[in-house]
Each structure stands twice: as structure tokens, then as C-alpha cells.
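The values are calculated or read from the model by the stated rules, or taken from the named source; none is laboratory data. The structure presented is a predicted model; accordingly, all values stated were derived computationally and were not measured. Note that we place each Cβ from the backbone using ideal geometry, even for glycine, and neighbour counts take in every protein chain shown.
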2 protein chains.
Amino acid sequence: MTAVPQPTAALLDGTALARELTARTAESAAELRRRTGTAPCLATVLVGADPASVTYVRMKQNSCAKAGIESRHVALPAEISTAGLVDAVTALSEDPAVHGILLQHPVGAHIDERAAFEAIAPGKDVDGVTTASFAAMSFGLPGFVSCTPGGIMRLLDAYDVELSGRHAVVVGRSPILGKPAGMLLLARDATVTYCHSRTADLRAHLREADLVVAAVGRPRFIRGEDLKPGVVVVDAGYNEGNVGDVDFDSAAARASLITPVPGGVGPMTIAVLLEQTVEAAWRQLVS
Amino acid sequence: MTAVPQPTAALLDGTALARELTARTAESAAELRRRTGTAPCLATVLVGADPASVTYVRMKQNSCAKAGIESRHVALPAEISTAGLVDAVTALSEDPAVHGILLQHPVGAHIDERAAFEAIAPGKDVDGVTTASFAAMSFGLPGFVSCTPGGIMRLLDAYDVELSGRHAVVVGRSPILGKPAGMLLLARDATVTYCHSRTADLRAHLREADLVVAAVGRPRFIRGEDLKPGVVVVDAGYNEGNVGDVDFDSAAARASLITPVPGGVGPMTIAVLLEQTVEAAWRQLVS
């Protein structure tokens with residue numbers, strides 16, 4: 001018998017979809033500006049000067065600028081206290097010139113990050129990090145979504161991935177990625193399994209998944225041999241060297257659809273942040 | 001070969017554990033009364049006169065009385081509006097003589113139940129129905145738990161059921177039962193699968209579970225042949241005729257531990273309600 005070439009998965013192209021979405025966001029921002037004379041404004045808060053965090057914030061600011069969203073940057077010293085950070089965030093929550101707030105994390109181990117997140121007014125929580133946003137996602141209530149899970153849902157929808165009744169395995173359970181991703185999938189009638197570092201037999205769970213969302217932070221941790229043929233693979237991992245949580249080549253040989261890294265979930269995360277910032281501005285300026 | 005008798009599961013005895021827990025709660029209530037001159041007070045809110053709801057509220061009031069908790073009953077007409085109900089609940093949230101609030105549901109299809117729940121101050125949400133309580137359960141933050149999931153966790157702990165790394169299948173995804181039960185299990189390092197009415201092959205998921213939480217509202221829906229030998233079965237279902245979601249006899253022949261219905265989850269739900277009411281009163285009266 002001749003070896004049959006493995007089918008290669010089609011790509012879930014986050015770069016292209018993010019470009020489309022951001023073009024619509026830019027139109028909406030421009031329309032808001034025409035109507036009100038005010039541009040949407042995203043406040044970015046950075047504690048310390050971690051190089052990766054600095055880069056992320058700069059990327060978000062640049063993307064804002066391209067979409068006609070103003071940004072205001074608040075740089076705080078690494079040694080700021082929880083109270084100091086909460087005060088800074090509260091001031092932005094109360095400032096009518098700021099429509100959305102992004103607190104870049106991590107904020108440093110000595111700070112109560114949850115307290116800082118909760119200082120973001122729910123109406124300005126365009127990064128979807130507050131408990132109010134989490135509950136809204138979990139219960140299908142109005143509110144902002146966490147940007148990465150929200151970006152994943154938009155990507156799946158753009159490619160008409162059927163979710164109802166399908167088995168989604170979410171690997172990771174962080175408050176702004178794994179947990180809300182699972183809740184959004186559950187709200188769309190997927191059967192959802194949360195796996196994590198304590199899961200006894202991760203490979204067995206992965207092999208049963210129709211959809212895998214990898215959000216674990218371990219480079220190339222999930223491999224093709226762990227996957228069911230035809231699976232949809234979403235790699236939300238980001239590891240040093242721009243490497244995802246999924247071993248792309250082996251996974252692509254099994255999957256029907258897969259996100260590249262980079263160019264998959266990453267651009268969608270920023271696109272959702274921009275979209276929600278403009279949405280927040282509309283609600284605050286035109287009510 | 002002679003037929004080997006099937007091993008019969010041991011019972012997760014909710015009646016006995018609830019009695020112990022409530023005895024401690026009654027001591028705590030008495031101590032609070034000695035210290036402050038004030039008894040803990042639970043406000044019960046009933047919309048309409050659905051016979052089952054009337055019975056539930058009366059059971060809760062009776063249990064309160066036995067534990068030294070006062071109750072104040074607010075009976076509202078079935079045709080009350082959302083705004084009317086929100087006002088009534090808000091008044092209780094603001095009343096310093098009330099320490100905990102129980103809004104009996106369902107409240108009628110014309111009412112926005114979520115809005116009514118959200119009118120409960122988080123510090124008085126002793127039934128664990130607000131989005132704030134849900135987020136607290138999900139993120140491991142301080143707060144009250146939903147009573148039935150909280151009762152399940154206490155029952156599992158009382159019988160030293162290992163949760164870390166075990167596969168828990170939660171059947172049902174309601175906001176006050178299935179969803180928070182899964183989040184509490186996940187917080188204890190279980191691998192958690194949410195199944196529901198749209199799940200493609202429920203039986204296959206059940207057969208892989210180390211722990212099943214049934215919260216689906218279909219009498220005797222889960223049967224022994226669906227289960228893995230040695231599984232722990234928690235039946236949180238309640239159906240007409242005092243029948244659970246699990247077919248007890250066939251499930252008990254497979255399980256290592258199982259809750260009876262009645263006498264399993266039901267008494268624990270009330271015990272947790274009482275415990276949290278007294279805890280809320282302590283926080284409000286002694287701070």
C-alpha cells in the first residue's frame with residue numbers, strides 16, 4: 001500500500017478576521033466621533049516595567065490608534081501597594097473621559113490583583129476581568145466578555161464551527177481564560193470538560209474532544225497523537241519564542257481546523273478589546 | 001458459577017450530617033444572641049402561593065426556629081411586577097434587622113428573576129444566588145455558596161471523598177445548582193464535565209465519571225448501567241413523589257457511595273442555609 005498523505009487542517013485565520021472586525025470597529029469609532037465630537041478612550045494601566053507587559057500594552061495602544069481609539073497610559077511603579085493601585089483604577093472608573101480600562105497583568109505578587117480588577121467599573125470592563133463580567137458570561141447576561149475567550153468564540157463562529165452538543169475540552173482554568181472560555185462554550189450548548197494540572201489522565205480526555213481549547217502555558221504540550229481525527233483545535237497558549245501550547249504540525253495532521261500561533265487567537269484578543277472599548281464609549285456617550 | 005451478590009453502596013447520609021451541622025449552627029446562634037442580644041434573622045420572600053414553594057418556605061422557617069434563627073416572612077401576590085419585587089428585596093437588603101434573605105423561586109414567568117436575585121445585598125445572600133456569590137465560588141473568593149452545591153461539598157468532605165484529579169460529571173447547568181456545583185468541584189481540583197440536555201452522548205460521559213452530580217430534574221433518569229463501578233453518586237434531583245434523578249437501586253449496586261432521596265442532599269441544603277444565615281448575622285452584628 002502506498003502511504004496516504006495526511007490531510008492538513010484548514011486554518012482558523014485570526015489575523016484576517018481580526019482585520020475585518022477592527023475595520024468595523026474603526027467605522028463605529030468614527031461614527032461616534034461624528035455624532036458626539038468625542039473619540040472612544042481606553043486607559044491602559046501598567047505596573048512596573050516587565051518587558052513582555054510593556055510590549056503587550058504598546059501593541060494594544062498601537063491597535064487603538066489605528067482604529068481611532070484614543071489611549072491614555074497610566075504607568076505605575078512596580079512597588080505600588082494594592083491600595084495605591086485600587087485608587088488609580090478607581091479614579092479611571094470615575095473619570096468620564098475614560099470609556100474602557102485595561103489593567104495589564106500580572107501586577108506583581110505583593111498586590112491583590114483581584115481587588116485591583118474589581119475596582120474597574122463593570123461598564124468600563126472592556127477586558128472582561130471583573131467578577132461581574134464573569135458572572136454575565138456564565139449566566140448569559142449582558143456584559144463584556146474576557147477578550148481572549150470572546151475572540152475564540154468569534155473565530156469559531158466565523159468558521160461556522162458547530163458547538164451545540166459537541167464535546168469541548170478546555171485545558172486550563174484561569175479566571176480570564178480557561179474558566180470564561182468554558183462558560184461561553186457551555187452557554188452555546190457545548191458539553192464542556194475543564195482539565196488542568198491536576199487532571200489524572202489529560203490525554204484520555206483530549207482524545208474524546210470535538211473541540212480543544214488549550215490555555216495552559218506549556219510550549220507544544222498538546223500533540224497530534226492526543227487528538228481525535230477531525231477535531232477543532234484552538235491554541236490560546238502563548239509561550240516564549242512565540243510558541244503555542246499545541247504542537248502545530250502534528251496537531252494539524254489530525255485536526256479539521258486549527259489556529260496558527262501567531263495569527264490565531266492573539267489578534268482576535270486585541271480586536272475584541274477594541275470592539276468592546278468602542279461599545280462602552282457608545283453606551284457612555286449616547287444614552 | 002454461583003451468582004455473586006452485588007455490593008451495595010454505602011450511604012452519604014445527609015440527614016445525620018445536617019443534624020450535626022445544624023446543632024453547631026444553633027450553638028453559634030445562641031452565642032451570638034448572648035453576645036449581642038439579637039437573634040439571627042432570615043427573611044423569606046414568597047411570590048404567589050405555589051404549593052411546593054409554600055411547603056419549602058415553611059420547612060425552612062421551621063428549621064430556622066429549631067436553630068434559634070428568627071424568620072420574617074414576606075408574602076407577595078403572584079401578579080407583582082419585577083419592580084415591585086425588586087423594591088421588596090431591596091428593602092430587606094437595607095433593613096439592619098434582617099441578616100439573610102431567601103427569595104423562593106420560581107417567582108413567576110413574567111418576572112425577571114435575575115433582577116430580583118441581584119437586589120439581594122451580597123452580604124445577605126445566604127442562599128448564594130447572586131452573581132457576586134457565583135463569581136466568589138468560581139474564583140475561590142470569600143462569599144456565600146449556593147446552598148445545594150455547598151451542601152454537596154460538605155457531604156463529600158464528611159465522607160472523605162477524594163476530589164483532586166478525579167473526574168466529576170455534573171448533569172445540569174442551572175445557575176444555582178449545576179453551574180456552581182461544577183465550579184466548587186473545579187476549585188477543589190476535580191476535572192469537571194458539564195453535561196446537559198444538549199449533550200450528544202450523556203451515557204458515555206457518565207460511564208467515565210468518578211463522581212456524578214445529578215441535577216437535571218428528570219425522575220430516575222440516571223441508572224446503574226450508566227455508571228462506572230465504584231463511582232460516587234450525588235443525587236441533587238427532586239421530582240414529584242420525592243423521587244430523585246437517579247434510579248437508586250440500580251445505581252447503588254454500582255456505586256461505592258450514594259445519596260438517598262430523601263435524606264441526602266435535601267437536608268444539607270437547608271443546613272447550609274441556616275449556617276450561612278448565622279454567619280451573615282455574626283458579620284453584621286459583630287464587626
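Before moving on, here are some points about what is shown:
- Lone qualifier among A:Leu92, A:Leu156 - being touching a residue at least 40 places away in the same chain (Cβ under 8 Å), over 30 Å from A:Ala209 (Cβ atoms) and not basic (Lys, Arg): A:Leu92
- Here A:Ala132 clears all of (1) of a type outside the set (Phe, Trp, Tyr); (2) closer than 19 Å to A:Thr269 by Cα; (3) touching a Pro at 6+ places or on another chain (Cβ under 8 Å) except the condition numbered (2).
- The residues of the range A:203-217 that are touching a strand residue (DSSP E or B) at 6+ places or on another chain (Cβ under 7 Å) and not aliphatic (A, V, I, L, M), listed by number, are A:His205, A:Glu208, A:Asp210, A:Gly217.
- Residue match in the range A:234-245 (condition: touching a Gly at 6+ places or on another chain (Cβ under 9 Å), in a helix (DSSP H, G or I), crowded, with 16+ Cβ neighbours inside 10 Å and away from chain B (no Cβ under 11 Å)): no
- Checking each residue in the range A:230-285 for being in contact (Cβ under 8 Å) with a residue 40 or more places away in the chain and farther than 25 Å from A:Lys60 by Cα picks out A:Val232, A:Val233, A:Ala251, A:Ala252, A:Ala253, A:Arg254, A:Ala255, A:Ser256, A:Leu257.
- Residue match in the range B:63-80 (condition: of a type in the set (A, V, I, L, M), in contact with an Asp or Glu (Cβ under 6 Å, 6 or more places away or on another chain) and surrounded by fewer than 22 Cβ atoms within 10 Å (Cβ to Cβ)): no
- Residue count for the range A:203-216, restricted to those that are out of contact with any helix residue (DSSP H, G or I) (no Cβ under 7 Å at 6 or more places or on another chain) and surrounded by fewer than 15 Cβ atoms within 10 Å (Cβ to Cβ): 1
- Residue match in the range B:71-84 (condition: of a type outside the set (A, V, I, L, M), touching a Phe, Trp or Tyr at 6+ places or on another chain (Cβ under 7 Å) and within 23 Å of B:Cys41 (Cα to Cα)): no
- Taking the criterion of being under 16 Å from the mean Cα position of the chain (by Cα), hydroxyl-bearing (Ser, Thr, Tyr) and within 30 Å of B:Lys228 (Cβ to Cβ), the residues of the range B:124-174 that qualify are B:Ser138, B:Ser146, B:Thr148, B:Ser174.
- Every test in (1) within 12 Å of chain B (Cβ to nearest Cβ); (2) of a type outside the set (A, V, I, L, M); (3) in contact with a helix residue (DSSP H, G or I) (Cβ under 7 Å, 6 or more places away or on another chain); (4) surrounded by fewer than 20 Cβ atoms within 10 Å (Cβ to Cβ) is passed by A:Ser164 save one, and that test is (3).
- The single condition from (1) assigned by TED's automatic domain parsing to the domain that holds A:Asp201; (2) assigned to a helix (DSSP H, G or I) that A:Arg218 fails is (2).
- Residue in the range B:187-202 that is surrounded by fewer than 24 Cβ atoms within 10 Å (Cβ to Cβ), part of a helix (DSSP H, G or I), outside the structural domain of B:Ser71 (by TED's automatic domain parsing) and in contact with a strand residue (DSSP E or B) (Cβ under 6 Å, 6 or more places away or on another chain) present: yes
- Verdict on A:Val272 being in contact with a Lys or Arg (Cβ under 8 Å, 6 or more places away or on another chain), assigned to a helix (DSSP H, G or I) and of a type in the set (Val, Ile, Thr): yes
- When the range B:126-143 is filtered for residues that are in contact (Cβ under 8 Å) with a residue 60 or more places away in the chain and within 14 Å of another protein chain (Cβ to nearest Cβ), only B:Gly128 remains.
- Scanning the range A:246-258 for residues that are buried (at least 24 other Cβ atoms within 10 Å of the Cβ) and either part of a loop (DSSP other than H, G, I, E, B) or acidic (Asp, Glu) (or both) turns up just one, A:Ala255.
- With a requirement of 1 or more residues that are of a type in the set (Asp, Glu) and over 21 Å from the mean Cα position of the chain (by Cα), the helices (runs of 4 or more DSSP H) lying completely within the range A:51-122 that satisfy it span A:82-94.
- As a summary of the residue check, A:Met183 satisfies the conditions (1) modelled with pLDDT of 95 or more; (2) more than 12 Å from chain B (Cβ to nearest Cβ) except for the one numbered (2).
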